Structures are given as C-alpha cells and as structure tokens.
Amino acid sequence: MSALGFASQLLEILVALALAPLLVGWVNQCRAWLQSRDGPGLLQPYRLLHKLFHKDSVVAANASPLFRAAPYIVFGCMLLACGIVPTLSIDLPLSPAADAIALVGLFALARVFISLAAMDIGTAFGTLGARREMLVGFLAEPALLMVFFTAALISDSTSLTTLVRTLSAQELGIQPSLALAAVALVMVALAENARVPVDNPATHLELTMIHEALVLEYSGRHLALLEWAAALKLFAYAGIGIALFAPWGIAEAHAPLALAVALPVLVAKLAVAGFALALLETLSAKMRIFRVPEFLGMAFMLAVIAMLVNLLLGNTGT
Amino acid sequence: MSAAPQLVTVLALAAAWIALGIAGLAALHRFGVVSRLLFPAGGAVALALLGVALPAVWGAPQSIVLPVGLPGLPFHFRLDSLSALFLMVIGGAAAGVSLFSAGYFRRAEGTPPGLMCFQYHVFLAAMALVVLADDAYAFMVMWETMALASFFLVTANHRSAEIRRAGYLYLLIAHLGALAILLCFGVLQANTGDYSFDNMRVQTLSPFWASAAFLLALVGFGAKAGLVPLHVWLPEAHPAAPSPVSALMSGVMLKTAVYGFLRVAYDLLPDLLWWWGVTALAVGLVTALLGVAFAAVQSDMKRLLAWSSVENIGLIFAGIGLSLLFAAYGMPAVAALALTAALYHVASHALFKSLLFVATGSVLHATSERSLGRLGGLLRVMPWVGWASLLGVLASAGLPPFGGFVSEWLLLQSFLFTPQLPNSFLNMLIPAVAALIALVAALAGYVMVKFYGVVFLGQHREEKLARAHDAGLWERLGMAWLAAGCVLLGVLPAQGLHVLAPVVERLTGASLAGGGWLLVPVAVERASYGPVLFLAGVGASVVLAFLLVRGLYHGRVRRAPPWDCGFPWLTHRMQDTAEGFGQPVRQIFEPLYRLRRHLPTAFDARPRYAVEVGDHVWHWLYLPAARAVEGAARLIGRLQQGRISIYLLYSFAALIAVLLWVTR
C-alpha cells in the first residue's frame with residue numbers, strides 16, 4: 001500500500017466519475033452520426049445531470065425510505081465497481097476488497113436495490129421493470145461469472161489485478177477460449193447496460209422498456225444519481241472488457257510515468273469501445289422480451305464453452 | 001465428571017431446556033408465565049449454549065457415559081469440534097427464535113401454550129443431544145425425539161385437515177429416513193454388535209459395504225434435510241407449523257441432518273471413494289436447482305421460504321460433495337475450502353432463514369394472510385419487521401457484504417481448483433457444475449426480490465393491511481438478534497473462518513487461515529474478499545454522494561401522487577402479482593414443473609384462466625408408490641372376510657401346511 005497506490009486509486013475513481021458521462025455522450029454522438037443526425041453534442045450528459053440536480057425531487061406520496069435511499073446505494077455500488085476494476089493501474093488499495101466474483105456480487109447488489117425501489121411505489125410499470133430487470137440479471141449474472149472464470153483459469157486467480165497482470169504479460173495472439181469469452185461478455189454487457197438488442201436507452205414506448213421503467217418514478221437529484229450510476233456501470237463494463245481482453249497499457253505498480261501514459265491509452269480504448277457499441281446498436285434491432293432469455297442463454301453457453309475450451313486445449317498463450 | 005466440564009455443562013443446559021418444558025406443562029394454561037418467563041428463559045439457555053460451545057470448538061474431544069436408557073445400553077455422549085460447531089448453530093438461532101416466541105404465541109391457538117412450550121423445549125434439547133450422541137442407540141433415541149417433538153409442533157393447529165395431512169407426510173418421510181439411518185449404523189458396526197461410534201471408527205469395511213453405508217446415510221439424512229426426491233414434506237410442513245417452529249425446523253433441524261451426514265461420511269467411514277462425492281454433489285445440485293425454481297413460482301410466503309430452504313440445503317450438500325471428492329483424491333487443502341463453504345452456509349442459512357420465517361410470523365399475526373396475493377406495502381406499516389427482513393433477504397440472496405455471499409464465494413473459489421483433479425472426465429464436467437451454482441445463486445436473488453417486493457413493497461393489496469400493527473418488543477428483540485447475526489457473519493468472515501478452522505482441520509486435515517480483515521483462501525494474489533473494506537467503500541461513496549448533493553445543490557423533496565406515465569387511475573391491482581413475478585421463471589424452466597393450464601375458449605361466457613404448478617417427483621414417484629401400497633393393502637384385505645369360520649379355515653390350512661412341512 002504505497003502512496004502511489006492511493007493516488008492511483010483516487011485518480012481512477014475520479015477519472016471514472018468524470019469520464020463515465022462523457023462515454024455515454026460519445027456513444028450517443030456516434031450513434032447520431034451513424035444515423036445521419038447531428039446529435040446533441042458530447043457534453044449533453046453533463047448538462048442533463050446538472051439540470052436534474054437543480055430540480056426538485058418529486059417523490060410519490062406512498063414512497064418508503066427505501067425508495068429515497070436506493071439511488072445513493074446504487075451510485076455507491078457503481079462507484080466502488082469502477083474503483084476495483086483496473087482501468088489505469090493495477091496498484092489499487094481497494095482491489096483486495098473484492099475479486100471478480102465479489103464484483104459480480106456488487107452488480108447484483110445494485111440490481112436488487114434498484115428493483116426493490118422500483119417495486120416500492122406499486123405502479124404497473126415499476127413492477128414490470130423490476131421483474132424484467134431481475135430476469136435479465138439472473139440470466140446475465142452466471143454468464144458474466146463464467147467469463148471471469150475463463151480468465152481465472154488462465155491466470156489461476158480471480159483477483160482482478162492479477163488477472164490483468166497475467167493477461168497483459170501474454171503474447172499478442174488470440175486464445176480461442178478468450179475469444180469466446182469476449183463475445184459472451186459483449187452480449188452480457190449489452191443486456192446489463194440496457195443496450196439495444198435487449199433494451200433501448202432512448203425508448204419512450206412503455207411496454208418495451210426495462211431500465212426506463214425502473215427509474216420511471218424518479219426525478220430530480222435521485223434520477224441524476226441513477227443516470228450517473230448507469231453511466232458508471234457502462235464505464236465499469238467497458239473497463240472489464242479492456243482489463244480482460246485488451247489489458248495493454250494499464251500501469252504496473254510503482255510506475256508513476258506509466259500512469260501518465262495509461263490515461264490517454266484508456267481514453268483511446270474507450271473511444272473505440274464506444275464507437276463499436278454505437279455501431280452494434282445501429283446495426284441491430286431491439287428484440288422482443290421473450291427472446292432475451294435465448295440471447296442470454298447463448299451468452300451463458302458461449303462462456304461455458306470458453307471454459308471447456310480452455311480446459312481442453314490448455315493454456316495456449318503463455 | 002470433571003474430565004469433561006464443557007460436555008457436562010452442555011448436558012445440563014439441555015436438561016434445563018427439558019425442565020423448562022416440564023414447567024410449561026405445570027403451567028399449562030397460564031399464558032403469561034409461559035410466554036413472559038419460560039420462553040425468554042429458553043432463550044437465555046440457548047445463549048449460554050452458544051457461549052459454552054464456542055470455546056469447545058478448539059478444545060480436545062470430551063466424552064461421558066450416562067447410565068440411562070436400557071440396562072446394559074448406556075448413553076454415550078461426546079463433544080468435539082464438529083458437535084460444538086453445530087451446538088453453536090443451534091444456540092445462536094434458537095436464542096433469537098425463543099426471544100421472538102416470547103411475544104409470538106397467542107392465546108387459544110390450537111395447542112395450549114404450556115404444551116407448546118413443552119414440545120418446543122424438548123425439540124431444542126433433542127437437537128442438542130443428537131449432536132452430542134456418541135452411539136447409535138443414543139443417536140436414534142434423540143433423533144426420534146426430535147422428529148416426534150417437531151411433528152407435534154407442526155400439527156399444533158391440528159383442527160385443520162390440511163395441517164394434519166402435512167404432519168402425516170412429514171412423519172412418514174422422517175421415519176423412512178430414520179430407517180435408512182438405522183440400517184446405516186447397522187452396516188457401520190460391521191457385525192461386532194457394538195453400536196458405539198468409537199467402535200465404528202475403528203472398523204474397516206469392504207468398499208461395497210462402505211458404499212452401502214454411505215448411500216444409506218445420504219438417503220436417511222437426505223430425508224431429514226430435504227434432498228430431492230425426499231424434499232416433498234418441506235413445502236407442506238413448513239407452512240403448516242407456527243412460524244417460530246418453521247424457523248427452528250428450517251434453520252436448525254435441517255442442519256442436524258447435515259451434521260449426521262458429515263459425522264458418517266467424514267468421521268465414521270474409514271476411507272472415501274471418489275464417486276461418493278460426485279453423488280452428493282449431483283444430488284445437491286439437482287436439489288438446489290429444483291428448490292430455487294419452485295421457490296420462484298410460489299404464491300404462499302412460507303411455502304416460498306420452504307422451497308428456498310430446499311435450495312440452500314442443496315448448496316450445502318453440493319459443497320460437502322465437492323469436499324468429499326477432493327478429500328478422496330487426497331487434496332486436503334481444497335477439500336477444506338469446499339467444506340468451509342458448506343459449513344459457513346450452514347451457519348448463515350440458520351440465521352437468515354430463521355429471521356425470514358419469524359418475520360413471516362409477524363406478518364401473519366398482523367394481517368392473518370399468508371398468500372402473497374393479499375399482502376403488499378407492509379414496510380410502511382411494519383417498519384421493524386420490514387427492515388429486519390430486508391437484511392435477511394439480502395443475506396439470503398447471496399449479496400455482498402452479507403452472510404450468504406461468503407459461502408457462495410468460497411464455494412465458487414473451490415470450483416476453480418478442479419482442474420487440479422487427476423480425473424480428466426471430472427475436470428470437464430465440474431466447470432459446468434460451477435455454472436449451475438452461479439445460476440442458482442442468481443435465481444435466489446430473483447426469488448428474494450419477489451418475496452420482499454410483493455410482501456413489503458408496493459401498495460396494500462387488501463384494505464385491512466393499512467391497519468396492520470408492527471411486531472411487539474419481544475419479537476423485535478428476536479429479529480434484531482438474528483439480523484445482527486446475518487450482518488456479523490457477512491462482515492467478519494475471517495473471524496468466522498477462525499471458528500471453523502479447527503472443525504475443518506479435524507475432518508479434512510487442512511484448514512483455511514482465519515483472522516484479519518480479508519478473506520484469503522490461498523494467497524492475496526489468487527483471490528481475496530474483504531467485506532469490511534467493501535462495506536466501507538460502498539458506505540463512503542454513499543455518504544460522500546449524499547453530502548455532495550446536499551452541499552452543492554439542495555435537499556428539496558416534493559410529495560406527489562405516483563407518476564406512472566401520467567396514468568391517474570392507479571389501483572393496487574395494477575401491480576405485479578406473485579404469479580406474474582414468477583412467470584418468466586416458469587416459462588424458462590417449464591420442463592421442471594408439471595404445469596396444468598386451464599385456458600378459456602372464445603365461446604366461454606365466463607372466461608377463466610388458471611394454471612397449476614405441480615411437482616414431477618410427486619406425480620412420478622409418490623403417487624405411484626402410494627397407489628402400489630394401497631393396491632397391496634387391498635389384496636391383503638381380501639383375506640379379511642370378517643367371518644370367524646373363514647379365519648378358522650386359515651388356521652386349519654396353516655396347521656396342515658406346517659405339519660406337512662415338518663413331517664416331510
């Protein structure tokens with residue numbers, strides 16, 4: 001636990017807080033360009049947050065304290081998630097607090113709280129959203145765990161920092177198991193972040209929405225926190241993808257100079273990932289909710305196959 | 001006597017429980033004495049048990065022979081690490097449940113209060129003595145006492161036919177299990193005629209007989225624990241019993257079966273065969289998956305929790321199976337990891353399931369409703385019960401930083417060691433098993449959101465719920481104790497491991513290092529989990545976010561009617577029902593259920609849609625078995641004509657046959 005470690009931990013959290021809305025803005029902007037629109041500009045998410053924080057929070061008359069606490073808890077969970085996924089450095093003092101399995105648990109904790117909060121008012125859309133969110137969650141969670149297990153079998157560890165250290169030390173080349181796991185992770189990330197084939201972040205058609213239905217009753221600062229938390233979640237998932245499948249450039253311990261390099265590298269990777277997400281969202285259509293189990297079941301199967309491939313072929317990269 | 005001070009104390013505490021029970025009989029109808037004096041005293045005894053058993057975990061085994069029972073067959077008792085651990089589980093959960101019971105039982109509910117108190121305390125004492133028994137005779141006597149006491153507790157409200165039926169089913173399966181356990185002990189004593197566990201430990205059995213003993217133990221203890229296909233009594237008996245009794249049965253009694261299984265598999269059987277572990281693992285997994293899938297579609301809150309107990313028992317047996325597998329292959333360190341996971345789950349399930357069951361008791365008393373379709377919005381009128389249940393629900397859903405997550409984490413970690421197994425076929429299979437465990441854990445979250453969301457959140461589904469009252473002081477105390485246990489087990493896992501270490505060490509020959517703030521199975525580089533740091537991280541983010549939002553912006557709140565996309569005519573019937581919430585699971589796991597749908601046609605004057613969810617096991621195993629028994633009974637019944645001449649003819653024929661056989 002060095003001073004540098006604390007500095008990089010703090011830097012990582014601040015960068016996540018600052019960049020997460022930008023990432024959302026970038027994805028929206030790319031999507032607008034791909035759809036031949038002008039787009040609202042990169043900074044739109046910040047303006048939205050600022051506006052929402054200023055507004056009064058309108059809370060339903062029958063809401064319990066759980067409803068008002070949930071946005072803070074979800075925000076806290078996502079911030080911690082961004083703090084333990086190594087995006088800039090692997091010298092993170094918070095890293096021993098949670099390994100990959102606990103990270104999955106952290107996402108689950110946030111999901112349970114937001115779903116409970118959505119059920120608190122007792123509206124049709126709230127419970128509908130909670131049910132769908134939990135449906136997506138219980139299908140996506142094992143798939144995400146299996147993705148982590150594939151990586152864990154390669155590096156003999158579930159600690160995220162060790163994962164990054166081993167994977168970035170490997171030769172450049174595609175491991176079949178990691179390739180399969182990467183596809184699975186993309187599918188899980190799309191579902192978990194309410195992205196197009198599963199959910200549409202821009203939807204206002206009530207019957208099809210998942211994430212929007214969950215936050216329907218929220219307004220003002222609570223909504224701002226939830227939107228920010230959603231952005232942080234997208235950032236964390238992008239971070240997971242980068243850490244597992246493109247870990248080059250993340251600073252090793254005791255290397256202050258590398259930290260300076262790591263930030264632009266991260267921004268570049270996020271820009272590519274954001275563009276890819278926008279492309280994927282533009283090219284695919286939203287599917288019916290009944291198809292989501294098939295979609296996520298496929299992700300789950302892919303991740304399990306990735307694990308089996310890893311066991312069959314052994315560790316080809318090292 | 002002085003050679004075994006802690007054992008004597010524990011026996012004295014069990015005797016104190018029995019004495020309290022007898023005092024209850026003496027004060028049969030004096031409700032105040034029973035509820036305000038005897039039940040809290042029982043809770044104090046439970047606390048004392050917890051306090052005595054804790055140091056005994058590290059102590060050397062102590063044994064004692066009591067000259068009670070049949071002449072020439074004295075009771076042997078022995079207190080070792082494993083017994084001490086389970087005594088702690090019994091004491092810890094019973095303390096909370098007894099405190100709760102002090103405020104729970106009401107006048108004029110079937111059984112008189114004093115009798116209830118007697119059955120309750122005998123049940124507790126029998127569970128403690130089962131764990132201490134050191135010969136098959138004492139074990140079976142205590143085991144049966146436990147089964148009978150719990151049977152009478154389940155049928156406390158015996159005027160309802162449904163409850164009598166549930167009690168009968170429970171008694172039947174309990175005795176099938178007891179038969180298998182008796183046979184298992186019979187095999188283990190290897191024709192020596194000495195039924196003490198000391199003798200069984202030194203016997204060497206051929207692989208065939210050892211396997212027979214193992215399978216009998218799996219069936220016998222599985223019947224008590226609720227392993228598929230012997231789980232059918234759980235969802236019937238738990239809703240039938242009064243809530244504190246459901247809490248004890250689900251939280252504690254199922255664990256005595258886990259204890260018995262561990263005792264036989266790890267202590268009494270000489271060597272382990274690898275396929276035993278695979279069998280236990282497979283049975284455990286099937287149980288876990290079936291349990292959670294059925295829990296998701298229940299619409300009765302206690303039945304839902306009972307199915308969730310089936311799931312948790314499945315996870316515990318999966319952990320034990322994995323540990324047996326590793327132990328058979330001579331990998332003690334990993335076997336210790338898996339066993340630690342299972343034992344940790346035993347402790348945390350005992351607490352969170354007791355908590356949830358007693359909470360349903362409070363809900364039941366406040367609303368007199370058990371059906372999820374008639375509850376809702378109780379968090380606002382019953383804040384104590386609601387917030388305590390939230391802790392139980394989070395622990396039950398296996399979420400960090402609560403108790404359920406620690407065991408899940410340890411179990412998943414132990415799966416990651418399977419590539420080191422020397423059996424390549426198992427190497428391929430077991431990752432798929434880990435995937436199944438992950439699925440079960442995720443589904444448990446779904447089930448718990450359904451339970452909590454439908455009972456405590458949303459709008460009241462009935463008018464009268466708005467007038468529901470919160471739990472009384474004693475009930476609050478009991479729930480607070482159990483909830484605090486859930487949180488402590490979650491936040492201080494390293495300390496929990498420190499207690500488990502001697503137990504696991506004695507069974508597998510290795511243990512996990514405890515102590516400190518981090519949970520580290522092997523090395524920090526390999527994996528670590530620090531709930532304190534985790535909680536501090538989330539907590540600090542929450543507090544900072546709150547302060548910053550308040551400081552930089554404002555904290556204004558305006559109350560208004562719900563928005564609901566501008567729809568103004570919101571009624572409680574627009575919320576999801578329990579059935580609606582379970583529908584996606586029902587659709588995805590359709591082959592697991594035996595669904596019967598009544599669909600309306602276009603010409604129905606009064607269209608009606610209904611769906612019934614049944615259990616395949618019930619249909620394919622129990623009903624045919626019941627039919628076979630009935631058929632056989634009917635055949636035998638033909639012999640009984642009710643006329644004395646016919647019976648004389650039978651006697652005559654039998655006599656002739658015997659004479660022919662003798663003179664042959």
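Quick note: the coordinates plus some simple rules give every number you see, no bench work behind them. The structure displayed is predicted, hence computed values, not measured ones. Because the Cβ atoms are built from the backbone with ideal geometry, glycine has one as well, and the counts that use them run over all protein chains shown.
Classify the range A:241-318 as rounded, prolate or oblate, taking a ≥ b ≥ c as the square roots of the eigenvalues of its Cα gyration tensor: rounded when a/c is under 1.5, otherwise prolate if a/b is larger than b/c and oblate if not.
oblate
Compute the Cα gyration tensor for the range B:507-650, then decide on rounded, prolate or oblate, letting a ≥ b ≥ c be the square roots of its eigenvalues: rounded whenever a/c is under 1.5, prolate when a/b is larger than b/c in the other cases, and oblate in all that remain.
oblate
Ignoring the sites themselves, what is the longest stretch of chain B with no chymotrypsin sites (Phe, Trp or Tyr not before Pro) in a DSSP loop and at most 10 other beta-carbon atoms within 10 Å?
The answer is B:1-568.
Return the calculated 222 nm mean residue ellipticity for chain A, to the nearest 500 deg cm²/dmol, obtained by summing -39500 (n - 2.57) across DSSP H runs with n ≥ 4 and dividing by the residue count.
Only helices count here, giving -24000 deg cm²/dmol.
Can you list which of the DSSP-assigned H helices in chain A have a Cα extent of 27 Å or more along the long axis and an average Kyte-Doolittle score of at least 0.5?
Span-like helices here: A:3-34, A:65-84, A:100-120, A:124-155, A:220-245, A:256-283, A:292-313.
Based on Cβ point charges of +1 for Lys and Arg and -1 for Asp and Glu, what charge dipole magnitude is obtained for the range B:29-171 about its Cα centre, in debye rounded to the nearest 20?
The calculation lands at about 640 debye.
In the range B:112-204, which trypsin sites (Lys or Arg not before Pro) are in a loop and have at most 15 other Cβ atoms within 10 Å, using DSSP for the loop call?
Sparse-neighbourhood loop trypsin sites (Lys or Arg not before Pro): B:ARG159.
Please compute the alpha carbon radius of gyration of the range B:338-439, then divide it by the globular-protein estimate 2.2 N^0.38 Å. Two decimals is fine.
1.44
Can you give the relative contact order of the range A:1-133 as a percent, counting alpha carbon pairs under 8 Å and 6+ residues apart?
Worked out over the range A:1-133, it gives 29 percent.
Dipole magnitude of chain B about its Cα centre, charges +1 at Lys/Arg Cβ and -1 at Asp/Glu Cβ only, in debye to the nearest 20?
I would put it at about 1800 debye.
With r defined as the distance between the Cβ atoms of B:ALA282 and B:HIS554 and R0 fixed at 60 Å, what FRET efficiency is calculated, to the nearest 0.05?
0.55
With a Förster radius of 56 Å, plug the Cβ-Cβ distance of B:SER424 and B:ARG467 into 1/(1 + (r/R0)^6) and report the FRET value to the nearest 0.05.
Once rounded, the FRET efficiency stands at 0.30.
Per residue of the range B:405-417, in order, report the coupling 6.51 cos²θ - 1.76 cosθ + 1.60 (Karplus, θ = phi - 60°) as ³J(HN,Hα) in whole Hz, putting x for Gly and Pro.
So the Karplus estimates, Gly and Pro as x, are 6, 4, 5, 4, 4, 5, 5, 5, 4, 5, 5, 6, 8 Hz.
Under a point spin-label approximation (7 Å from Cα along Cα-to-Cβ), what is the B:ALA60-B:ASP267 distance to one decimal in nm?
1.8
For the residue pair A:ALA255 and B:TRP569, what label-to-label distance in nm results when each label sits 7 Å from Cα along the Cα-to-beta-carbon direction?
6.6
Please give the FRET efficiency for B:LEU655 paired with B:ARG627, using the beta carbon to beta carbon distance and R0 = 45 Å, rounded to the nearest 0.05.
Calculated value: 0.80.
Using Cα pairs closer than 8 Å and at least 6 residues apart in sequence, work out the relative contact order for chain A, in percent.
The value is 31 percent.
Less than 15 Å Cβ to Cβ from B:GLN62, Lys/Arg counted +1 and Asp/Glu -1: what total charge do the surrounding residues give?
Summing Lys and Arg as +1 and Asp and Glu as -1 gives -1.
Among the trypsin sites (Lys or Arg not before Pro) in the range A:228-307, which ones are in a DSSP loop with at most 13 other Cβ atoms within 10 Å of the Cβ? Mind listing them?
A:ARG288
For the charge dipole of the range B:222-348, defined by +1 on Lys and Arg C-beta atoms and -1 on Asp and Glu C-beta atoms about the Cα centroid, which residue among B:MET331, B:GLY314, B:TRP233 has the Cα displaced farthest towards the positive pole?
Towards the positive end, the residue furthest out is B:TRP233.
Taking a ≥ b ≥ c as the square roots of the Cα gyration tensor eigenvalues, with a/c under 1.5 meaning rounded and otherwise prolate when a/b beats b/c, else oblate, which class fits the range B:172-217?
Because a/c hits 1.5 or more and a/b fails to exceed b/c, the range B:172-217 counts as oblate.
How far apart, in nm, are two points set 7 Å out from the Cα along the Cα-to-Cβ line at A:LEU279 and at B:THR204?
6.9
Can you give the mean number of other chain Cβ atoms that lie within 10 Å of the Cβ atoms in peptide A:209-222?
Mean partner-chain Cβ count within 10 Å for A:209-222: 2.
Could you list B:ILE320, A:ILE289, B:ILE313 so that the one with the fewest beta carbons within 10 Å of its beta carbon is first and the one with the most is last?
A:ILE289, B:ILE320, B:ILE313
Calculated from DSSP H runs of 4 or more alone, at -39500 (n - 2.57) each and per residue, what is the 222 nm mean residue ellipticity of chain B, nearest 500?
For chain B, the value works out to -22000 deg cm²/dmol.
Within the set A:LYS51/A:LYS286; A:LYS55/A:LYS269; A:LYS55/A:LYS286; A:LYS55/A:LYS233; A:LYS233/B:LYS302, which residue pairs have Cα atoms separated by over 27 Å?
A:LYS51/A:LYS286; A:LYS55/A:LYS269; A:LYS55/A:LYS286; A:LYS233/B:LYS302
Under a cut-off of 18 Å between alpha-carbon atoms, report the aspartates and glutamates in cross-link reach of B:LYS255, not counting same-chain residues fewer than 8 places apart.
The qualifying aspartates and glutamates are B:ASP80, B:ASP134, B:GLU144, B:ASP267, B:GLU311, B:GLU408.
Quick check: the distance between the Cα centres of the range A:200-235 and the range B:556-591, to the nearest angstrom?
The range A:200-235 and the range B:556-591 have Cα centres separated by 17 Å.
Which residues does a label at A:LYS55 reach in the range A:184-228, if reach means a backbone N under 18 Å from a point 7 Å past the Cα toward the Cβ?
A:201-206, A:211-228
Mind checking the dipole of chain A: about its Cα centre, +1 per Lys or Arg Cβ, -1 per Asp or Glu Cβ, Debye to the nearest 20?
With only Lys, Arg, Asp and Glu charged at Cβ, the dipole is about 560 debye.
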